[in-house]
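The values are calculated or read from the model by the stated rules, or taken from the named source; none is laboratory data. It should be emphasised that the depicted structure is a prediction, and the values quoted were computed from it without experimental measurement. So basically every Cβ, Gly included, is an ideal-geometry build from the backbone, and we count neighbours across all protein chains shown.
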Amino acid sequence: MVPDGFGRPVFAEPPPAIGWPPGARLCLGIAADPARQLLAVTRDLPVALSVHTVPHGPVGQLLLPFTELERRHVQDAPVGHRARRLAQLWTRKEASLRLTGPGGLAIADEIDALSEARDGKVVIPASLAHPGGIAYVRDLPAGPQTVACAATAAPAPQVRIWRPDCLDAPAGTPSAPPGTPQPG
């Protein structure tokens with residue numbers, strides 16, 4: 001395993017058992033939060049993840065790294081839904097910035113994770129400290145008090161989610177019940 005230009009783990013030569021053609025790269029994305037751990041594996045497609053527990057209490061002080069549009073989006077939600085909206089916007093920003101380069105969290109307040117989210121995109125403006133680019137984001141189901149997002153360098157046709165309690169199942173046991181894969 002070697003890091004790519006931004007430090008993300010990449011298997012330069014995937015294990016032969018995978019059966020991929022020569023030159024294919026296995027790209028990994030890893031994220032952890034006290035409530036959840038995520039791993040994404042892609043072929044030839046850089047991927048980054050973000051996962052966070054939904055904060056408790058007022059969100060006012062947490063709005064600093066957000067644009068004015070994002071702040072209004074959070075404040076317009078019913079009080080009981082504001083923290084979840086805020087956490088979801090943050091996971092989109094964080095996954096996008098992890099995907100597009102190191103040190104990006106410093107420009108989080110310049111990133112709009114809301115406007116083009118319906119199209120699955122977050123545009124990262126170029127700056128002296130950051131190369132910029134487009135991240136294709138997808139909100140992931142992570143539980144009632146946890147939010148997660150995957151960002152890829154190109155649209156991903158599908159994202160699969162496995163229940164964590166199935167990961168320790170004996171060999172031969174399906175890792176997810178029918179219908180668990182989340183279509184893209």
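Of all residues in the stretch 31-47, one or more are more than 23 Å from T152 (Cβ to Cβ) and either of a type in the set (G, A, S) or out of contact with any strand residue (DSSP E or B) (no Cβ under 6 Å at 6 or more places or on another chain) (or both).
Exactly one residue out of Q158, Q145 is modelled with pLDDT of 85 or more and surrounded by fewer than 19 Cβ atoms within 10 Å (Cβ to Cβ): that is Q145. Out of the residues in the stretch 24-58 that are surrounded by fewer than 16 Cβ atoms within 10 Å (Cβ to Cβ) and either among the acidic types (D, E) or in contact with an Asp or Glu (Cβ under 9 Å, 6 or more places away or on another chain) (or both), which is nearest to A148 (Cα to Cα)? The residue in question is D44.
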